Amino acid sequence: MASSSTLRSSHRSERQHIPHVPSSSSYSMSRSVGGQQSHPSVRSKVPASRRSVTPNSRTHSHDDDPEPGRVRVAVRLRPRNAEDLLSDADFSDCVELQPELKRLKLRKNNWSSESYRFDEVFTESASQRRVYEVVAKPVVESALNGYNGTVMAYGQTGTGKTYTLGRLGKDDASERGIMVRALEDIIFNTSPASDSVEVSYLQLYMESIQDLLAPEKINIPIVEDPKTGEVSSPGATVVKIRDLDHFLQLLQTGEANRHAANTKLNMESSRSHAILMVYVRRSAHEKEANDISSQEKDTKSDLPGGHGIPTVRKSKLLIVDLAGSERLDKSGSEGHLVEEAKFINLSLTSLGKCINALAENSPHIPTRDSKLTRLLRDSFGGSARTSLIITIGPSSRHHAETTSTIMFGQRAMKVVNMVKLKEEFDYESLCRKLENQVDHLTAEIDRQQKLRDNDKNEMERKLRECQNSFAETEKNLVTRSKFLEKENTRLEMEMKGILNELNHQKGHNDFMRDEVARLEMSIKHNKQHQLESTTYQKVLADTTQMYEKKISELMKQLEDEHAHSENAEEQLDMMKKLLSDHQKSLQQHQMENSTYQKALADTTQMYEKKIAGLIQQLEDEHARFEGVEEQFEGVEEQLDITNKPLSDHQNSNQIQGQKEIDELRVKLQEMHKLHEMTDDELQSLKSKYKDLLSEKVMLNEELHAVRQTLLVEEKQKKALEIELLRFKKLVPESDDDFEDKKSYMKENIAKGSSAFGTPLGLNKSNQSRETICGQRATIAKICEEVGLQKILALLTSGDLDVQIHAVKVVANLAAEDINQEKIVEEGGLNALLMLLRSSQNTTILRVASGAIANLAMNELNQGLIMSKGGARLLASTASKTDDPQTLRMVAGAIANLCGNENLHVMLREDGGIKALLGMVRSGNSDVIAQVARGIANFAKCESRAIIQGHRRGRSLLMEDGVLTWLITNSSTASASSRRHIELALCHLAQNQDNAKDFVSSGGVKELARISLESTREDIRNLAKKSLKLSPAFQAEMHAESQ
């Protein structure tokens, strides 16, 4: 795609508008553009699954476009690059463009040619802006108006598809591709307040749908709605776009995660189909909804407030960058690239079959032959407005591929879609608005109801208060009247006996003196009882303290019981006896206390009764004296003389008695509180004792459970030993049978994988493919019978022979992609790292390193290996062994980790690069090849990050002396190692911050030699490019030539 950068910008703008002429027809189920009468190739029946079920869709017609639904096809010619100029110097171009006639002539030879007509023909000088406005802008405008749309690029690899669609144009805005320009128009024509724009970015890689925005999501399913026929990918990441910079960042992330490889036809050949899905949701304007039917008007008039239901238009825009078709003899693909090419050509073939069937009006369309055709089901023969741009090259060497591309476009022009507008009532916003109104009205009603309830409760309370006050007043009046009547009757009766009462008053006073003396004696006795209670409380406190000490001792004994379970029962029995004795003593104290309390209560009750009687008598006498004063005025002087000393004595006795009563009550309350405290402490002791008993039961249960667990584990161990004996019989005994059967390097794993690796397992020429397949079938059968979890458990066995056989089985299982995730989930990675850390056996170290190398081919596993210290363990393994096979496995594992850009800093800090260079000491060619592959992976990831703007600065490899080693061994190593070394030097040279190191170490001379003598053309071109782009290298070469 580097040659596509020579496209010049054009100021010519061809803007196309999609007409929208509203129809006066009645309310219909779907809005369509282009019917069956518009083109004879449209099938007579439209599948029911593609009908729109939107209840408010309306039909529009496009009278000014005779074929509004036909697929628009444009062709774009790539300029001649340096390779075309060199290869076709003696031949003319096979393509002649006639842009004014929109025709293209394809020459078979100098005297024969064929002419083809397209909707638009772009010369090699056409600008990116003109291509967008002619091909994509009508589709984008349709998407903004509610129609689904598709823009797709098709052509041979290296003809400019990705340049046309996905060019970011960070340095030059005029080079922006269709993706960036389409999102720029969509964002400009949408409102963030009422509209939304969301994107998903997927790639179809080897018939597996992967999320470019979230690389961990793979094998995303395709779901078809049985009602509407819409195709969706529910597992894909959907991101809402804020602005154009946000989209550019997402697009850059997706491009970095996309699979690409270096082939003879293209340095960065896309190995997957990229699909950008743009979801647009716009609110329909009122002026566009004036053609609603009377039924819709009636429906809107029934709504609260007379407001109409808002409408929303939803559309989906697909921008598809197809991987280029290629021939293996021209692309030079080998190894894993062959498998990728097979899947690419298979999906493109399925797409061609579908377009052929649509063009020929076939009753059967094979859309289910490929996931690509399922995703593009709506683009060809569906309801989307589709524009196709085919890219071709001028070289006569690719005449067959150019012819195939042109015929594909000719067939696609015959496909006619049923373009439909998806317009819906925006019930969600209307529902939210109505819900807010309902919530507001409900809150207002609740507030009014609460105010009414409060007023009602207040009135009822006041009414009850008035009624109670009236009833109480009435009751008091009645009681007062009855009391006065009784009092009058009593006074009349007492007037007769007042003289006799005065005679007995003296004797009564003497009796009162004796009673007071007796009360004083009772007070003294109460004080003695209080002293006894204090003594009892002290004894109880001492006893409680003693119990607390005993309980603390019991707690310590219970803690010791975990270690001495046999003596715990005897100690608990002793403590049980002690507690029972103390409990008996507590019960005795409790009985004594209850007896004392009962006697004290009886005495108190007796005193209270006597005191109450005395007070009543004093009050009666005082009342009698007052009545006598009123009735007998004649004896006033005599009563005054008698009553004065009596009242004084009475008052003094009453005051003294009241004080004694209050003191007795206070003392009784204190004694009652002490009694309650004693009861509480006793209850707490009982609860602690129960807790001790329950804890003992729990300890016994835990001890029993531990014994049962030990028995179960012993049984499992015996079962594993039996299975091991059978396992040894089934597993081959040769160490070579369990060597790595798979390449440690996988093409383009995620975004940081390398494309240089030579499969290590293929170095063993003495094993045939049938033998390897038979051994893997045996291993799979053993795994099914024994179980992966049990096999992984054998890795920790104390038997060395068992460990060796188990790690061999795990290594063979790890060679298959389908087993890797399960091995990691079951803890196999941790077990393998544990073997590297603890084992000293050479066979175990070799096979475990090979298994880790297989697991390291997955990007998720790479992060887990690094986070668990795998790089340090591999470096340690390399330092403590000289076995070439073990070093080869370790070097392969580290080389795979070098293919992940995110792990470079951690890998260097953990000593992975130093360990990789240190393994060169073995002198083994296979080990050196793996070391060179790892350095090449590391350098290529760094070069890619610098080109994409993710990284700056001097290479991390420079600080470890890698450049010196590469220069020294670039011409002396084996053929496989030399290719990796040359690639590593070329990628390191692309970093301008490494120029000083290259100049000082003689790397410029080596680059010049590689550009001339390398056996691979792509490496020679890469070296020439590096020398040409670096001013420092140009100056050094000029100085040497002088």
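The values are calculated or read from the model by the stated rules, or taken from the named source; none is laboratory data. Owing to the predicted nature of the structure, the values given are computational and were not obtained by experimental measurement. Heads up, the Cβs are rebuilt from the backbone with ideal geometry, glycines too, and the neighbour counts pull from every protein chain shown. The accessibility values were calculated without ligands, DNA or RNA, using every heavy atom of the protein model including side chains. Shrake-Rupley method; radii C 1.70, N 1.55, O 1.52, S 1.80 Å.
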Check your understanding: In whole percent, how big is the carbon plus sulfur part of the accessible area of the stretch 427-504, probe 1.4 Å, protein atoms only?
Key -> 57
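Can you work out D for the stretch 853-1005 in µm² s⁻¹ from Stokes-Einstein, where Rh is the Kirkwood radius over C-alpha pairs, the temperature is 25 °C and the viscosity is 0.890 mPa s? Intermediate values should be presented prior to the final figure.
On the way: Rh = 15.4 Å.
Translational D for this selection: 160 µm²/s.
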Exercise for review: Report the label-to-label distance for Ser404 and Thr842 in nanometres (one decimal), using points 7 Å from each Cα along the Cα→Cβ vector.
Suggested key: 5.2
Point to revise | the stretch 427-504, accessible area per residue, ligands and nucleic acids excluded (1.4 Å, Å²) | key: 92
Exercise for review: Take the Cα of Lys880, step 7 Å along the line toward its Cβ, and report every residue of the stretch 829-853 whose backbone nitrogen sits under 11 Å from that point.
Suggested key: 835-842, 845
**Study point:** Solvent-accessible area of Glu670 with every protein chain in place, 1.4 Å probe, in Å² to the nearest 10
**Key:** 90
Point to revise | Value of Rg to Rh for the stretch 136-249 (Rh from inverse mean 1/r over Cα pairs, i.e. Kirkwood) | key: 0.97
Check your understanding: Taking a 1.4 Å probe, which of Phe343, Phe1033 shows the most accessible area, and what order do the others take after it?
Key -> Phe343, Phe1033
Review point. Accessible area of Val905, 1.4 Å probe, to the nearest 10 Å²?
Key: 80
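For His364 and Ser125 in one chain, what is 0.36 nm times their gap in residues minus the Cα-Cα distance, to one decimal in nm?
Details: separation 239, 0.36 × 239 = 86.04 nm, distance 4.12 nm.
Between His364 and Ser125, full extension yields an extra 81.9 nm.
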Point to revise | Label-to-label distance, nm, for residues given as Arg397 and Arg490 (7 Å Cα→Cβ offset) | key: 13.7
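Determine, from the Cβ-Cβ distance of Ser797 and Ala975 and an R0 of 41 Å, the FRET efficiency 1/(1 + (r/R0)^6), rounded to the nearest 0.05. Spell out each step's value before the answer.
Details: r = 43 Å, r/R0 = 1.05.
Plugging the Cβ-Cβ distance into 1/(1 + (r/R0)^6) gives 0.40.
Compute the length gained on full extension between Lys217 and Thr479: take 0.36 nm times their separation in residues and subtract their Cα-Cα distance, giving the result in nm to one decimal. Could you put the intermediate results ahead of the total?
Details: separation 262, 0.36 × 262 = 94.32 nm, distance 9.24 nm.
Full extension of this stretch gives 85.1 nm more.
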Review point. Rounded to a whole number, what % of the accessible area of the stretch 95-178 do carbon and sulfur atoms account for, probe 1.4 Å?
Key: 39
Study note, to complete from the structure: At q = 0.11, 0.12, 0.17, 0.22 1/Å the base-10 log of I(q)/I(0) from the Debye formula over the alpha-carbon atoms of the stretch 427-504 is -0.65, -0.69, -0.85, -0.98
**Study point:** Highest average packing first - 504-513, 799-808, 115-124, Cβ atoms within 10 Å
**Key:** 799-808, 115-124, 504-513
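Count charges around Met413 for me, please; just the other residues with Cβ under 11 Å from its Cβ, Lys/Arg as +1, Asp/Glu as -1. Let's see the in-between values first.
Values: positive: Arg70, Arg72, Arg117, Arg411, Lys414; negative: Glu67, Asp119.
It works out to a net charge of +3.
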Study note, to complete from the structure: Expected unfolding gain across His529-Arg921 under the 0.36 nm per residue rule, minus the alpha-carbon gap, is 131.0 nm
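As an exercise, identify the trypsin sites (Lys or Arg not before Pro) in the stretch 907-972 lying in DSSP coil whose Cβ has no more than 12 other Cβ atoms within 10 Å. Kindly include the intermediate steps, with their values, before the conclusion.
On the way: sites: Arg908, Lys914, Arg921, Arg933, Lys940, Arg944, Arg951, Arg952, Arg954; in loops: Arg951, Arg952, Arg954.
Filter output for the stretch 907-972: Arg952.
Probe radius 1.4 Å, ligands and nucleic acids ignored: give me the carbon and sulfur share of the accessible area of the stretch 791-923 as a rounded percent. Before the final figure, lay out each step's value.
Values: 2190 of 4510 Å².
It is 49 percent, rounded to a whole number.
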Review point. Hey, how many Å between the Cα centroid of the stretch 498-515 and the Cα centroid of the stretch 158-210?
Key: 120
